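Remarks on the structure that follows.
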Protein chains: 2
Amino acid sequence: MDRFMELAMAEAEKGASEGGIPIGSVLVCDGLVLGSGRNQRVQSGSAIRHGEMDALENAGRQPAEVYGRSTLYTTLSPCAMCSGAILLYGIPRVIIGENRTFQGEEHLLESRGVELKVLNDPACIDMMKRFIRDNPELWNEDIGV
Amino acid sequence: MDRFMELAMAEAEKGASEGGIPIGSVLVCDGLVLGSGRNQRVQSGSAIRHGEMDALENAGRQPAEVYGRSTLYTTLSPCAMCSGAILLYGIPRVIIGENRTFQGEEHLLESRGVELKVLNDPACIDMMKRFIRDNPELWNEDIGV
């Protein structure tokens with residue numbers, strides 16, 4: 001597994017160990033990590049800090065040219081909110097751990113020129129499968145169902 | 001002006017008085033305010049707390065049926081990130097103070113069945129015009145330009 005996806009997985013696993021939703025993300029520019037994060041619904045009672053949003057927030061305020069050279073790694077296919085954030089900031093590449101348990105707005109992102117790479121990594125799939133099986137109500141809340 | 005848009009405007013004005021970006025938002029369900037907020041880029045150094053996102057965050061974790069009966073008021077046309085959040089949570093109606101100084105993802109929202117009402121209120125337009133004129137770099141940063 002790519003080392004940045006390993007970092008995203010480590011964030012997801014940290015989230016799981018906190019009783020949270022195991023989705024992690026890392027924002028990378030020029031080979032350096034600008035910020036990493038994990039879903040904060042349980043830990044912070046947050047409705048907006050999905051893994052990707054938490055990574056963006058932890059990366060702090062960045063100029064447009066930095067976002068424009070960045071890659072976002074996320075363990076799970078990005079939902080509408082996180083996809084919208086990717087479009088807002090013009091992040092050109094997103095590496096997705098898996099889209100088997102949930103497929104977000106991949107078509108929208110591709111239609112706007114964002115390059116996607118879906119790994120469908122067995123460890124990412126297994127982590128989300130177990131989480132959704134054991135926590136269906138929490139999962140539905142997180143994706144607005 | 002509608003009283004909920006007045007609340008959104010009051011949030012925007014509070015943001016301006018803090019040196020922040022003057023965009024405010026209110027989430028309303030069954031005639032009650034669930035949460036209100038304002039852009040927090042300057043005040044909190046936030047890349048994700050646009051006015052709409054701050055209102056959603058301040059409303060806390062809500063079940064899908066609450067979002068599904070809610071209306072989001074915002075002083076400015078919602079960007080891609082905020083529009084994505086509206087889609088994620090299935091918020092069916094958005095009241096927009098103005099879209100003359102910035103038009104966000106209104107077409108995307110309408111294509112997904114979200115009902116929009118654009119007021120183009122002179123006070124909202126004037127507030128943003130003055131802000132953009134006086135703070136072009138901060139404004140561009142906020143919309144990823």
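Quick look at the values:
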{"read-out": "Index of the failed condition, B:K117 passing every other in (1) within 20 Å of B:V28 (Cα to Cα); (2) within 14 Å of chain A (Cβ to nearest Cβ)", "value": "(2)"}
{"read-out": "Residue in the stretch A:118-131 that is more than 23 Å from A:R41 (Cβ to Cβ), outside any helix (DSSP H, G or I) and free of Cβ contacts under 8 Å to residues at least 24 places away in the same chain present", "value": "yes"}
{"read-out": "Meets criteria (part of a helix (DSSP H, G or I) and among the acidic types (D, E)) for A:E98", "value": "no"}
{"read-out": "In the stretch B:41-85, the residues that are of a type in the set (S, T, N, Q) and under 20 Å from B:I96 (Cβ atoms)", "value": "B:N58, B:S70, B:T71, B:T74, B:T75, B:S77, B:S83"}
{"read-out": "Extreme residue, nearest to A:I21 (Cα to Cα), among residues of the stretch A:95-114 that are of a type in the set (A, V, I, L, M) and away from chain B (no Cβ under 14 Å)", "value": "A:I96"}
{"read-out": "Residue match in the stretch A:45-54 (condition: hydroxyl-bearing (S, T, Y), modelled with pLDDT of 95 or more and outside any loop (DSSP other than H, G, I, E, B))", "value": "no"}
{"read-out": "Verdict on B:Q43 being more than 9 Å from chain A (Cβ to nearest Cβ) and over 12 Å from the mean Cα position of the chain (by Cα)", "value": "yes"}
{"read-out": "Matching residues, the stretch B:59-72, being within 19 Å of B:A8 (Cα to Cα) and either assigned to a helix (DSSP H, G or I) or touching a Gly at 6+ places or on another chain (Cβ under 8 Å) (or both)", "value": "B:A59, B:G60, B:Y67"}
{"read-out": "Residue in the stretch A:23-39 that is over 10 Å from the mean Cα position of the chain (by Cα) and within 11 Å of chain B (Cβ to nearest Cβ) present", "value": "yes"}
{"read-out": "Flag if A:T71 is within 16 Å of A:C29 (Cα to Cα) and either touching a residue at least 12 places away in the same chain (Cβ under 8 Å) or under 11 Å from the mean Cα position of the chain (by Cα) (or both)", "value": "yes"}
{"read-out": "Filter result (at the interface with chain A (Cβ under 7 Å from one of its Cβ atoms), crowded, with 23+ Cβ neighbours inside 10 Å and over 21 Å from B:L32 (Cβ atoms)) within the stretch B:46-81", "value": "B:A47, B:I48, B:C79, B:A80, B:M81"}
{"read-out": "Every residue from the stretch B:82-93 that is facing chain A (nearest Cβ under 7 Å), in a loop (DSSP other than H, G, I, E, B) and open to solvent by less than 10 Å² (accessible area, probe 1.4 Å)", "value": "B:Y89"}
{"read-out": "Matching residues, the stretch B:3-23, being surrounded by 21 or more Cβ atoms within 10 Å (Cβ to Cβ) and of a type in the set (D, E)", "value": "B:E11"}
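The values are calculated or read from the model by the stated rules, or taken from the named source; none is laboratory data. Quick caveat: nothing in here was measured; it's all calculated off a predicted structure. Virtual Cβ from ideal backbone geometry, glycine too; neighbours counted across all protein chains shown. With ligands, DNA and RNA removed, areas are computed over all heavy atoms of the protein, side chains included. Shrake-Rupley method; radii C 1.70, N 1.55, O 1.52, S 1.80 Å.
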